[in-house]
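Below is one structure; the comments refer to it alone.
Values quoted throughout were computed directly from the atomic coordinates according to the rules given, and no laboratory measurement underlies them. None of the values given here were measured: they were computed from a predicted structure. Don't worry about glycine lacking a Cβ; one is built from the backbone with ideal geometry, like all the others, and counts go over all protein chains shown.
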Amino acid sequence: MPLINKLRPHTTAPSSSLVRLRTALTAFFALDGFVFAGWVVRIPAIKEQTGASASALGMALLGVSAGAVVTMTLTGRLCRRFGSHPVTVACGVLLALSVALPPLTHSALALGLVLLVFGAAYGGINVAMNSAAVDLVAVLRRPVMPSFHAAFSLGGMVGAGLGGLVAGGLSPAWHLSALTAVGLLVTAVAGRALLRVGPPAPPPARERPEDAAGPKGTGGPGEPGGPDGRRRSAGHTRGPVLVFGLIALCTAYGEGALADWGALHLEQDLDARPGVAAAGYSCFALAMTVGRLSGTALLERLGRTRTVVAGGATAAAGMLVGSLAPAVWAVLLGFAVTGLGLANIFPVAVERAGALAGPGGVATASTLGYGGMLLGPPVIGFMADWFSLPAALTSVAALAAVAAAIGYATRHATAG
């Protein structure tokens, strides 16, 4: 596979406009992670406020998932009709406003209803801003998608960290209202830039031979169906888009599983102290952020297929260590290696689905990926009851290997 790091950006819009557009989109990705993480750290306080049992809270929290999944399937159509930029801004406003609603509830039923709204905003902004990012990637002709997802990860880490610091001094109402204020401010500033620049026009499919030097089989720039190529008809793209959605599902499964079960594995199976156990997911999240920050350089060096295959294999090896190693330090190292491996697979899958089928492709891949994140925790729980938690966590390694295998097996089918 030839390298693609000699590709030069080709745009039909001024470079300053593209810089503003990229900055605005990065702000929305960071805001999404920041607001969601800020909500998550206040769930225990909201549970106490509503007096919900564990099972009732679980049912209420399904409102986020239900709202997100339903909205993701609809947002692709809204983006095609109104444009991804206005939909991103509208969903940003709704996300900021809806995060302040949970402290106003006093029952599990009411909480579930407002979380439907919050989940709808969360799902909508994820599809809309990813669709906008896919369009920008097509114009820049550089694989910068991981940088946007790195912003999401960084926003989540900051949101969780600040939330933990203020949890003892601020009530959920004040904390989440502050998130609303931040969200509306960021949306006003970044949204203005997003609406003023507008979607950039894609460049010609191929202008010069050297500009089409993307690695064969990777869906690189210049290939049919690549970021700068024409999007094919729905009938021809449905299968490849589902393939990328399946890859996203396999990798997001691991993220959801580690978020809910990583700390318990360290504390229950290895007798780690609570503080050390809590560091397990932090190691994973930090490594994933670092991996995404370096994702553009990695993709330019290796191409998409090699990045997916190498990432899946790395994550599989790391998770085998993380789930089966007898020492705490080895498990923490395994979690970090898993984060590095999974870091860029989801962004690549979403970007390729969007390049092939536009907002509808992003919606399909995002819905499947989000479904994998939701599927991971309960599946791990059932498997832990049947076998053991370490054995159940090896399923993360298995699905990472499946993602790598799918990426390699379909390298030609999904590129053309």
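For the reader, a short list of remarks on this structure follows.
- By average C-beta atoms within 10 angstrom, highest first, the peptides 393-406, 60-73: 393-406, 60-73
- Potential lengthening of the chain between Met59 and Arg301 amounts to 82.6 nm, from the contour at 0.36 nm per residue minus the alpha-carbon distance.
- Simple label model, 7 Å out from Cα along Cβ direction - Ala327 to Arg238, nm: 5.3
- A simple spin-label model places pseudo-atoms 7 Å from Cα toward Cβ; at Glu48 and Arg273 they are separated by 2.4 nm.
- By average C-beta atoms within 10 angstrom, highest first, the peptides 33-41, 347-355: 347-355, 33-41
- The listed peptides 270-276, 301-307, 126-132, ordered by packing as a protection proxy, come out as 126-132, 301-307, 270-276 (highest mean of other Cβ atoms within 10 Å first).
- Largest-first principal axis extents of the Cα set of segment 214-416 (Å): 55, 32, 24
- Calculated FRET efficiency for the pair Ser16/Arg80, C-beta based, R₀ 45 Å, to 0.05: 0.95
- Cβ-based exposure ranking for Trp174, Trp329, Trp261, in which fewest neighbours within 10 Å come first: Trp329, Trp174, Trp261
- Sequentially through segment 122-139, phi angles give Karplus couplings (6.51, -1.76, 1.60; θ = phi - 60°) of 5, x, x, 5, 5, 5, 5, 6, 5, 5, 5, 5, 4, 4, 5, 4, 4, 7 Hz, Gly and Pro residues having no value and appearing as x.
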